[in-house]
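Contents: one structure, followed by commentary.
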């Protein structure tokens with residue numbers, strides 16, 4: 001009974017923001033969020049296609065870098081907890097080496113994509129990319 005009551009209370013607490021937003025209207029919430037964003041980051045103009053593609057590619061490469069760093073850390077943990085077993089240490093070394101190779105590939109891909117996207121932005125607009133300033 002206590003679990004059911006706790007679940008109902010949790011769902012009710014999660015639903016409260018929905019009702020407050022609907023009561024004040026979605027347009028008012030949108031306007032307040034937009035004004036807060038404009039104060040924090042300034043009014044932004046619409047982005048061009050190369051800029052959006054560059055942002056997506058760089059975000060993907062950043063996530064891949066984080067994943068590969070976690071793989072390297074996991075390999076290090078496996079190596080530390082291998083307890084001297086040669087099979088486990090070899091497996092851990094492979095994890096570490098594969099993570100490092102993957103990280104190098106991602107860093108090279110980041111450098112190449114940044115260069116190409118900056119040249120695309122430069123060629124399609126009259127502005128110089130942020131990285132070149």
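Just so you know, all these numbers are worked out from the coordinates, no wet-lab data involved. The shown structure was predicted, so the numbers you read here are calculated from the model rather than taken from an experiment. Every residue, glycine as well, gets a Cβ built from its backbone with ideal geometry; the counts of neighbours run over all protein chains shown.
Figures for the structure shown
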{"read-out": "Spin-label model distance (nm) - residue 91 vs residue 7, 7 Å beyond Cα toward Cβ", "value": "3.8"}
{"read-out": "Residue 82/residue 62 FRET efficiency (R0 41 Å; Cβ-Cβ; nearest 0.05)", "value": "0.85"}
{"read-out": "log10 of Debye I(q)/I(0), alpha-carbon scatterers only, for segment 49-132 at 0.17, 0.19, 0.20 Å⁻¹", "value": "-0.70, -0.79, -0.83"}
{"read-out": "Spin-label pair residue 115/residue 39, simplified geometry with 7 Å Cα→Cβ offset, distance in nm", "value": "4.4"}
{"read-out": "Residue 101-residue 52 FRET efficiency (beta carbon distance; Förster radius 30 Å; 0.05 resolution)", "value": "0.50"}
